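Novice: Structure provided below as structure tokens; questions to follow.
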Amino acid sequence: IIPLRSPLLGRWRYSNGNNSRLPLCVRQRWAYLKLMVNSLYYNSLTNSDVVMDSLMEPIFWMVDLLTRWFGAVFVCLVVILTSSILLIAYVGLLPLILNTYSPPWIVWHIGYGHWNLIMIVFHYYKATKTAPGYPPTVKNDIPFVSVCKKCIIPKPARTHHCGICNTCILKMDHHCPWLNNCVGHFNQRYFFCFCLSMTLGCVYCSISGRNLFLDAYSAIERFKHMDLDKSGVPSTYQTPPPPYTFRDKMFHKSIIYMWVLTSTVAVALGGLTIWHAVLISRGETSIERHINNKEAERMAKHGKVYKNPFNYGRLNNWKVFFGVEKRSHWLTRVLLPSGHAPYGNGLTWDICPIRKDMIPV
């Protein structure tokens, strides 16, 4: 059976009619599977890596498909969980802060909390809505380093193919399911700032709510003993416990939920943020980290030292990443929300895009 491609209908057809009764989607998958297996026998460069990639292709395809389908679910989950923490903070904690804290502490909590919230919302929205950047699909004079085997288009430096987005991404770092978007040249800063601000917000909630969490946990334990008393089971109380309401129980459970969630996210997301901070300091992306390690090992065998051509020094790497050109940009572009575009177009990379007057900033 030889699968043929009809130029008019754009569907798979077969020269043998034995499978004509099968559904079209089944025949398409069968033809693709046979073509993939047959390609192993007609490739003079076949090795163990090619065979393994071919055998794992259905698994990769399934993972990419599921990630693409559940991307919107992950985004909704981020919005729902963040909104639940905000609801607890405004309904339960804000009245408590206004009634018990001194004026300086009230100003600190309200000021820092709302600044952190604005940074989280702004950078998450920009990270999800900003396109990471795509190489041109028409003929041009831009230099390229290779040709994508799936897109069949020239790939500029630092460009990689994303199987989930099914396209090439400029300066691709990774595909983030929590954003339902790739992290690339034009939205990497938004992604990192969102991770950093979300980590700071979770650490803030975890530290400032520690005593409330301990009090809420103790209160829940008292409520359990009171429920045992009502059911006729003797407890350790010598005097009648104070009355409690459903609102009291929900308040304490909300505090426990907020502290556990924010502490868990602070640890998990904090580790990811630190890892990306290390990569930014080295002028690398997640993909380039693995590529550079292999290249360094290859050159070490020949007695040579590999140097990352996109590493301009730690401080300059951060300046390039944040787009800092003068001292005031540390405030307007780093500490405050900013929608400025990154350096360059993501297609060509200068050896050092930093001007000499930027070095002392």
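Novice: What is the spin-label model distance, in nm, from L214 to E325 if the labels are put 7 Å beyond Cα along the C-beta direction?
Specialist: So the two model labels end up 5.1 nm from each other.
Novice: When you count, for each residue, the other Cβ atoms within 10 Å and take the mean per peptide, how do 193-201, 256-264 rank with the highest first?
Specialist: Going by the mean number of other Cβ atoms within 10 Å, highest first, we get 193-201, 256-264.
Novice: At a probe size of 1.4 Å, how large is the accessible area of F246, to the nearest 10 Å²?
Specialist: Surface open to solvent at F246 totals about 150 Å².
Novice: Mind grabbing the accessible area of D350 for me, 1.4 Å probe, Å², rounded to tens?
Specialist: Accessible area, nearest 10 Å²: 100 Å².
Novice: For the peptides 26-35, 144-153, what is the packing order when you average, over each peptide's residues, the other Cβ atoms within 10 Å and list the highest mean first?
Specialist: Details: 26-35: 14.4, 144-153: 12.1.
Per-residue mean Cβ counts within 10 Å order the peptides as 26-35, 144-153.
Novice: Could you tell me the accessible area of T100 in Å² (1.4 Å probe, neighbours in place), rounded to the nearest ten?
Specialist: Its accessible surface works out to 90 Å², give or take rounding.
Novice: I've got another one for you. Mind giving me the FRET efficiency for K129 and K224? R0 is 45 Å, r the Cβ-Cβ distance, nearest 0.05 is fine. Intermediate results must be reported in sequence, preceding the final value.
Specialist: Values: r = 46 Å, r/R0 = 1.03.
Efficiency for this residue pair is about 0.45.
Novice: Please check which bits of region 169-202 a label hung off V73 would reach, taking the label as a point 7 Å along Cα-to-C-beta and the cut-off as backbone N under 17 Å.
Specialist: 176-181
Novice: Under a 1.4 angstrom probe, counting protein chains only, how are R158, R298, R289 ranked by accessible area, largest first?
Specialist: Details: R158 25, R298 120, R289 55 Å².
Sorted descending by solvent-accessible area, the residues read R298, R289, R158.
Novice: On to the next question. Quickly work out the N293-to-N345 label distance, labels modelled 7 Å from Cα along the C-beta direction, and quote it in nm with one decimal.
Specialist: Here the answer is 3.4 nm between the modelled labels.
The values are calculated or read from the model by the stated rules, or taken from the named source; none is laboratory data. Everything numeric in this text was worked out from a predicted model, so none of it was measured. Neighbour counts are summed over all protein chains in view; Cβ atoms, including those assigned to glycine, are modelled from backbone coordinates with ideal geometry. The accessibility values were calculated without ligands, DNA or RNA, using every heavy atom of the protein model including side chains. Shrake-Rupley method; radii C 1.70, N 1.55, O 1.52, S 1.80 Å.
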